[in-house]
1. Could you check how many residues of region 107-116 are modelled with pLDDT of 80 or more and either polar (S, T, N, Q) or assigned to a loop (DSSP other than H, G, I, E, B) (or both)?
2. Does Ala39 satisfy the condition of being outside any loop (DSSP other than H, G, I, E, B), over 16 Å from Asp75 (Cβ atoms) and among the small types (Gly, Ala, Ser)?
3. Among the β-branched types (Val, Ile, Thr) and in a helix (DSSP H, G or I) - does that describe any residue in region 23-36?
4. Would you point out the residue of region 8-22, among those that are part of a helix (DSSP H, G or I) and of a type outside the set (A, V, I, L, M, F, W, C), that is surrounded by the most Cβ atoms within 10 Å (Cβ to Cβ)?
5. Name the residue that is modelled with the lowest pLDDT, counting only residues in region 29-64 that are within 18 Å of Gly18 (Cβ to Cβ) and among the aliphatic types (A, V, I, L, M).
6. Mind checking whether some residue in region 64-84 is surrounded by 11 or more Cβ atoms within 10 Å (Cβ to Cβ), touching a Phe, Trp or Tyr at 6+ places or on another chain (Cβ under 7 Å) and aliphatic (A, V, I, L, M)?
7. Only residues in region 17-39 that are at positive phi count as the first member; pair them with residues that are surrounded by 15 or more Cβ atoms within 10 Å (Cβ to Cβ), Cβ under 6 angstrom, at least 6 apart or cross-chain, and list the lot.
8. Return the residues of region 75-96 that are in a loop (DSSP other than H, G, I, E, B) and either modelled with pLDDT of 95 or more or acidic (Asp, Glu) (or both); say none if nothing qualifies.
Amino acid sequence: MENLRVNVEKARAAATKGYLNASELADYLVQRNLPFKTAQYTAEQIILYAISKDKELNELSLDEMRKFSEIIEKDVFENLSLEQTLASKNQIGGTSPERVFEALEQAKESLDREEN
């Protein structure tokens with residue numbers, strides 16, 4: 001691990017491509033009191049639209065998203081951000097910064113034990 005180097009720019013670019021934040025869009029709609037099945041369907045329709053336009057979700061305009069649901073507000077973009085997407089996964093083994101830090105600490109401790 002001491003020789004591990006992360007290209008932050010490439011990692012960020014990879015993490016923000018390919019609709020990895022699709023479940024956050026559905027979660028956002030559920031939080032706005034849309035029934036789960038309807039939220040899933042609406043998110044799917046928005047994703048299909050984004051694909052047809054060769055855009056990522058965060059590249060759509062608010063007006064484009066609102067064509068599918070008028071409950072979508074400009075705060076949707078914050079919810080779709082990489083930071084929020086990662087932070088929302090705070091369960092054990094999740095991607096939130098706290099959980100990743102914990103996993104790294106455990107890995108370091110495990111490597112230290114193996115060396116001794």
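1. Within region 107-116, residues that are modelled with pLDDT of 80 or more and either polar (S, T, N, Q) or assigned to a loop (DSSP other than H, G, I, E, B) (or both) number 1.
2. No.
3. yes
4. Among residues in region 8-22 that are part of a helix (DSSP H, G or I) and of a type outside the set (A, V, I, L, M, F, W, C), the one surrounded by the most Cβ atoms within 10 Å (Cβ to Cβ) is Arg12.
5. Leu57
6. The answer is yes, given that some residue of region 64-84 is surrounded by 11 or more Cβ atoms within 10 Å (Cβ to Cβ), touching a Phe, Trp or Tyr at 6+ places or on another chain (Cβ under 7 Å) and aliphatic (A, V, I, L, M).
7. Tyr19/Ile47
8. Selection gives Asp75 alone.
The values are calculated or read from the model by the stated rules, or taken from the named source; none is laboratory data. All values reported here derive from a predicted model rather than from experimental measurement. All Cβ positions, even for glycine, are placed from backbone atoms using ideal geometry, and neighbour counts span all protein chains on display.
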